[in-house]
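Read-outs throughout are calculated quantities, based only on the coordinates presented, and are distinct from any laboratory measurement. Since this is a predicted model, take the numbers as computed values, not measurements. Cβ coordinates were reconstructed from backbone atoms using ideal geometry, including for glycine residues, and neighbour counts include every protein chain displayed.
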Amino acid sequence: MSNAEPELLTINPLELKFPFELKKQISCSLQLSNKTENHVAFKVKTTNPKKYCVRPNTGIVLPRSTCDVIVTMQAQKEAPADMQCKDKFLLQSVVANAVTNPKDITQEMFNKEPGRIVEECKLRVIYLPPPQPPSPVAEGSEEGSSPRQSLTENDQQNGSELTRTFLETHDKSSEAKSVIYRLTEEKAGALHQSNRLRQELELLRRDISKSRSGGVSFMFVIIVGLFGVTLGYILKS
């Protein structure tokens, strides 16, 4: 009998494939199909029982029914060389009585004796690379929305951000222009006031010169000093 064509149980798949990840328990499943009219007892063995947990490792598959077997690999601290695994499983099956239940299954039922047919199927263990995370595009797009819609929403958000930045820059530019205009007006007013004071001083000087052509009076010196202080204050502001 070949592994691909069992007579009692059909096993799917014939290879135990584990997406290998360090320090993580990994499980895979087998489906046992009984296409006969007999009750079939099965037992699962492995070459490395400390590494794997099989549930159930023994059982009864009813006629024209199926049974699922879960094989769990314990968390591994290191990866094997070249990701190759030498572990193997052996699934034995034999015809059982209709009154047999899983608690009645013993090792002696699978001993090869005259008149008893014990089918055996060897299963390989294959390590697969761990699953890759989804692409950023798949994560960013919401369910039911297309990439084109997502791009349109992003364009709208970017356009709003640019508009807000432009308005803020425009407001700051207008404020700066207002300050410059105010300072220019104040400077022009100060220069105008300075010119007016200079003209008044010149007229006062002429009047004093006419009235006292003999020398410079003390009052004239005071006025000149006040004018100089006033002019200096205006130019500083």
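The table for this structure:
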item: Under Karplus coefficients 6.51, -1.76 and 1.60, residue-wise ³J(HN,Hα) of the range 43-48 in Hz, glycine/proline x; result: 8, 10, 10, 9, 6, 9
item: Karplus 3J(HN,Hα) series, Hz, for the range 104-110 with 6.51 cos²θ - 1.76 cosθ + 1.60 (x for Gly, Pro); result: 8, 6, 10, 5, 4, 5, 9
item: Within-11-Å neighbourhood charge of K122 [Cβ basis; K, R +1; D, E -1]; result: +1
item: Surrounding net charge for K88, when Lys and Arg each add one and Asp and Glu each subtract one, Cβ distance under 10 Å; result: +3
item: Residues whose placed amide H lies under 5 Å from that of L90, excluding near-sequence neighbours; result: K45, T46, L123
